[in-house]
Structures are given as structure tokens and as C-alpha cells.
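K.L.:
Submitted below is the structure of interest, expressed as C-alpha cells.
The values are calculated or read from the model by the stated rules, or taken from the named source; none is laboratory data. Since we're looking at a predicted model, the values are computed, not measured. With ideal geometry, Cβ positions are generated from the backbone for all residues, glycine too; neighbour counts draw on all protein chains shown.
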Amino acid sequence: GESVGLHLPTLSVQEGDNSIINCAYSNSASDYFIWYKQESGKGPQFIIDIRSNMDKRQGQRVTVLLNKTVKHLSLQIAATQPGDSAVYFCAETYTGNQFYFGTGTSLTVIP
Amino acid sequence: GAVVSQHPSWVICKSGTSVKIECRSLDFQATTMFWYRQFPKQSLMLMATSNEGSKATYEQGVEKDKFLINHASLTLSTLTVTSAHPEDSSFYICSAKNSGRGSEAFFGQGTRLTVV
């Protein structure tokens, strides 16, 4: 398998601020990446994806940046809301089938 | 669309018994499904890739005789944890790819297994 997290980093932000969540992926051959949001006791929920031929992609309130040189992804959430509190994972694939998940970051939004 | 449902959501079983978890794609056909395991405050670990009509492909370190996977139809994959022990207690999550919709995988809500 690929990188597996043993400890969950945490990030706390004030409501209304922007959040930046980072992810280092492990396989330079990975060509497709997805950010997922996971709330407690639930399965992951798709947020946004990006292919390796892009370095930036924007969605509604979210932006994903990809730096292939250093194998780094970031997820930016604008105007963070309490409902954004969750664990965020990046997932990579180089097969187009199997997805391997990063460590994850626990985001807490302070009202 | 693209709903994946797991059953049961939560199960408690006695040590030594076997438990079957179902993963269904409700509104699309999934030739490939995936099974993950997640311990508290940790990431999802891919266990195996389930292919409709053929044997599952297991990730390194995952015991195929312990975690039996069957993908008998385009909408159903099952994971059976055989002779479960307390260390098998975990959150098991499946995902499915829509055969006709590119790369995105859709996840079930997960199954919490507790072995006592």
C-alpha cells in the first residue's frame, strides 16, 4: 500500500477565516487526486478532485493546489463554517482504480 | 445518483464467529468495488479490490483467508471477516466506481465492527 497515517494532525480556525489543509503524497506516478471530507462515524464524502496535468482547480468555496515537484496537495476552504468541521483526507491513485489515503487532518471550526 | 450503501451499519459479534458486511451500489453498476479498514483517528487503509465475477486482489499484508470478498453481481460486494477476534474491531468502509463515469469512487457509510 501507500502512505498510511498513524497520528491525525489537527487544525483549528475561526469561523469566517480561510483554512488550508496540506497533504504529502507518496507516489510520483500518481496522476489523479481527490480530497474527501469525513464526519464522525460516516464514510468519506467527495469534495474536489484534480488530475496531474493541472496545478489548480476551484470549486464552490474550495480550491485544490497540486505541486508535483514536491508531491504536495493542499485544500483551501474559503470562509470556513462550523459545518466544515470534519476530518479531511487526500487520496491518490496511479492505477486509476485503487485509491490510497493520506494521513488526514482534523479541522475544527470555532464559532 | 451514485449512492453506495453498506449493511449493517454497526455489528457486535463474539470472538470466533464470522461476520458478513454487504456493500451495494444502489443506482449504478460497479464492476469494481474496494474495501477499506479504518482504526480510530487514523486514515483509511485499502484492504482489497473486489472485481465482479473474479477473485479479489488483496493489498500486501491483508490475509485473504481472513477477509473473504465476493463480488457476485454488478451491484453487490460482500466482505466476510472470518473467525473474528477483538483486534479485527474496526470501521470497514467500501467504495464503488461507476463503470460509466470515470475515475471518481463513491463511498458507503461504513460498518462499525466490534468483536467481544
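K.L.:
Would you confirm whether or not segment A:56-68 contains a residue that is touching a residue at least 40 places away in the same chain (Cβ under 8 Å) and more than 14 Å from chain B (Cβ to nearest Cβ)? Spell out the reasoning first.
P.N.:
If we filter segment A:56-68 for residues that are touching a residue at least 40 places away in the same chain (Cβ under 8 Å), which is where we start, we get A:68.
Add one more test, that the residue is more than 14 Å from chain B (Cβ to nearest Cβ), and what stays is A:68.
Yes.
K.L.:
Among the residues of segment A:72-107 satisfying the criterion of being at positive phi and at pLDDT below 95, which is surrounded by the fewest Cβ atoms within 10 Å (Cβ to Cβ)?
P.N.:
By that ranking, first place goes to A:96.
K.L.:
Given the criteria buried (at least 20 other Cβ atoms within 10 Å of the Cβ) and either within 15 Å of residue B:33 (Cβ to Cβ) or β-branched (Val, Ile, Thr) (or both), does residue B:84 qualify? Reasoning before the result, please.
P.N.:
Numbers: buried (at least 20 other Cβ atoms within 10 Å of the Cβ): yes; either within 15 Å of residue B:33 (Cβ to Cβ) or β-branched (Val, Ile, Thr) (or both): no.
Taking the combined requirement at face value, the residue does not satisfy it.
K.L.:
Next question. Please return the ranges of strands (runs of 3 or more DSSP E) entirely within segment B:60-116 where 2 or more residues are within 13 Å of another protein chain (Cβ to nearest Cβ), under 11 Å from the mean Cα position of the chain (by Cα) and modelled with pLDDT of 95 or more.
P.N.:
Details: elements: B:67-73, B:76-81, B:90-97, B:105-107, B:111-115.
Hits in segment B:60-116: B:90-97.
K.L.:
State all residues of segment B:1-48 that are in contact with an Asp or Glu (Cβ under 9 Å, 6 or more places away or on another chain) and among the aliphatic types (A, V, I, L, M); if no residue qualifies, say none.
P.N.:
B:2, B:3, B:19, B:30, B:33, B:45, B:46, B:47, B:48
K.L.:
Please enumerate the residues belonging to segment A:31-53 that are touching a residue at least 40 places away in the same chain (Cβ under 8 Å) and assigned to a strand (DSSP E or B).
P.N.:
Residues satisfying the conditions are A:32, A:33, A:34, A:35, A:36, A:37, A:38, A:47.
K.L.:
Limited to segment B:10-44, what total is found for residues that are hydrophobic (A, V, I, L, M, F, W, C) and either assigned to a loop (DSSP other than H, G, I, E, B) or over 21 Å from residue B:83 (Cα atoms) (or both)? First the steps, then the outcome.
P.N.:
Restricting attention to segment B:10-44, the residues satisfying the condition of being hydrophobic (A, V, I, L, M, F, W, C) are B:10-13, B:19, B:21, B:23, B:26, B:28, B:30, B:33-35, B:39, B:44.
If we keep only those that are either assigned to a loop (DSSP other than H, G, I, E, B) or over 21 Å from residue B:83 (Cα atoms) (or both) too, we end up with B:26, B:28, B:30, B:33-34, B:39, B:44.
The total comes to 7.
K.L.:
Can you tell me which residue among A:108, A:63 is touching a Lys or Arg at 6+ places or on another chain (Cβ under 7 Å) and farther than 17 Å from residue A:25 by Cα?
P.N.:
Selected residue: A:63, the only one of A:108, A:63 that is touching a Lys or Arg at 6+ places or on another chain (Cβ under 7 Å) and farther than 17 Å from residue A:25 by Cα.
K.L.:
I need the full set of residues from segment B:43-66 which are surrounded by 21 or more Cβ atoms within 10 Å (Cβ to Cβ), more than 17 Å from residue A:101 (Cβ to Cβ) and of a type in the set (Ser, Thr, Tyr), in order please.
P.N.:
Within segment B:43-66, B:50 is the sole residue that qualifies.
K.L.:
Pull up segment A:14-43, narrow it to residues that are within 24 Å of residue B:110 (Cβ to Cβ) and touching a Leu at 6+ places or on another chain (Cβ under 7 Å), then point me to the one that is farthest from the other protein chains (Cβ to nearest Cβ).
P.N.:
A:21
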